[in-house]
Amino acid sequence: MTKSTIEPKIYIYDTMARRKELFEPLVPGRVTMYVCGPTVYDLIHIGNARPLIFFDVVRRYLQQFYEVTYAVNFTDVDDKLIRRAEETGRAVPELAEQNIADFLTDAGSLRVPPATIHPRVTENMPEIIDFIADLVRRGFAYENGGDVYFRTSSFPGYGKLSHQNLEELQFGSRIAVDERKESPLDFVLWKAAKPGEISWASPWGEGRPGWHIECSAMARKYLGNTIDIHGGGMDLTFPHHECEIAQSEAATGKPFARYWMHNAFLNLNNEKMSKSLGNVVNARELAARHKPETIRFLMLSTHYRNPLNFTDEGLEQAKGGLERIENCRTNLKHLLKSAPEDGAEAGAESAQRLAAIRGTFHAKMSDDFNTPDAITAVFELVAEANAAMAAGTPSAATLRGIEELFQEMDAILGILTEAGEDELLDEDIERLIVERTEARKARNFARADEIRDMLSALGIVLEDTPQGIRWKRK
């Protein structure tokens, strides 16, 4: 993708600062971005899909201006994986491999391409062990009975991301008492293996990493001591990201991340999703019932820092909104085939209005990735396109400018159907037939004939029958 030559002013709401901050990458022209990925013990659900889609849009937008290295990790060994492997009679590596493949498939079905790097815990064990050993040597961690814990009292900044101090955390601690810890807030870096569990050799005996340490070790290995953006769901703010900061900054003496981004929760029909309520919907089931663009449209119609209520009604509204856009583009592409090339003046006039719409879109995206308002700019483009087409015979320059802006916006949002230029889906054909019928009822015969000719040019034959209009492909 060609990078813009315009230096952007992007503002990001930083969880630690509790305000929007002007984004300035550590290395000019380059961005490092780490988003906590899944523990691969099962299929991802629609709650997992929200950060998956949102941070994909962040990555897409930043790629307009920077070289972006994007890391999303796979936790391919932990308690949940071990339990699920025992329940299913499968080996942990086999189960993890299957679920990683499923993740990549399901992410792809939502138009989310693979990250630049997908580091796995099991492939970075030497780096994780070395990281822990360094913390032990420097007095930030201690071993007891084969387990290794981070000593939170040794890191004065513990709690700065969640804006809590150690006294408040200890007073409100809901962490189970563990006599092996010096403090209830100390967290595990290395867990001694139980009999029969998958394990790795370490200076403290056979075992495996704790959950928090993996991200610190892999972020440092692949992105450096300080990364530009660290993201994830707001439920990760404490303790996961708080612990990452403590162990990373204790090891390096440098800030772990320059900007912290967290998306709010997703509720299903005004209820929190949970297995106890039996209302967990996995992304694969949803993608089988709805177009990926519809799911993305709904996810992006609410600002990422606001809770999202996921409902069937919302999906229907998203579907209707996309139909407006796609009907417009279908008409646009049809007219573009026969538009005159001699309307340079008309193209220039339209270019000014298109520049204003483009400016609005980028202003909203640059303001903490305000996707709802960016989508509003897409509908402004639809209105501009419909007005141009209704005014007469627009020039090819005008139509191309509109279509190029549609493509520019969709390169970031990923909400428009990825059909071939001349391909119409069955539901698109049905919508056009309904529109033609309504045009005939309104005695708008010019529009009705236009739709008939467009369908004919695309290989669709309409037939009048006693039961109504039927269609078939040539």
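The values are calculated or read from the model by the stated rules, or taken from the named source; none is laboratory data. Values in this document were obtained by computation on a predicted structure and should not be read as measured data. Neighbour counts run over all protein chains shown; Cβ positions are idealised from the backbone, glycine included. Protein only, heavy atoms only, side chains kept; ligands, DNA and RNA dropped before computing areas. Shrake-Rupley method; radii C 1.70, N 1.55, O 1.52, S 1.80 Å.
Structural remarks
- The residues of the stretch 274-389 present an accessible area of 45 Å² per residue when probed at 1.4 Å with all protein chains retained.
- Candidate lysines for bridging to Lys291, where Cα separation is under 20 Å - those fewer than 8 sequence places away on the same chain excluded: Lys319
- Most positive-pole-ward Cα, Ile129, Gly108, Tyr158, against dipole of the stretch 105-163 from beta carbon charges: Tyr158
- Among complete DSSP H helices in the chain, those whose alpha-carbon atoms stretch at least 20 Å along the helix's long axis and whose mean Kyte-Doolittle hydropathy reaches -0.5 are 46-62, 92-109, 344-366, 371-390, 396-413.
- Cβ-defined net charge surrounding Pro195, 13 Å radius [Lys, Arg +1; Asp, Glu -1]: -2
- Pairs of Cα atoms nearer than 8 Å and 6+ residues apart set the relative contact order; for the stretch 23-122 it is 37 percent.
- Taking the chain and dividing mean pair separation by its residue count, relative contact order in percent (alpha carbons under 8 Å, at least six apart): 15 percent
- Ile198 versus Arg284: modelled label distance in nm, points set 7 Å from Cα along the beta carbon direction: 1.8 nm
- Cα-based shape type of the stretch 3-155, given that a ≥ b ≥ c are square roots of the gyration tensor eigenvalues and the cut on a/c is 1.5: oblate
- Taking Cβ atoms as reference points and 13 Å as the exclusive limit, the residues near Asn270 contribute a net charge of -2, counting Lys and Arg as +1 and Asp and Glu as -1.
- Rounded to the nearest 20, the Cβ-based charge dipole of the stretch 273-360 about its Cα centre (Lys and Arg +1, Asp and Glu -1) stands at 440 debye.
- In the stretch 225-301, trypsin sites (Lys or Arg not before Pro) in a DSSP loop with at most 16 other beta-carbon atoms within 10 Å: Lys275
- Surface composition of the chain: carbon plus sulfur atoms hold 50% of the accessible area, using a 1.4 angstrom probe and ignoring ligands, DNA and RNA.
- Cα shape, the stretch 113-269, gyration tensor, a/c 1.5 rule: rounded
- For the chain, calculated [θ]222 nm from helices alone, where every DSSP H run of n ≥ 4 adds -39500 (n - 2.57): -15000 deg cm²/dmol
- Measuring between alpha carbons in the structure, the pairs from Lys20/Lys80; Lys9/Lys254; Lys441/Lys472 lying more than 28 angstrom apart are Lys20/Lys80.
- Environment charge at Thr252 (Cβ cut-off 10 Å; Lys +1, Arg +1, Asp -1, Glu -1): 0
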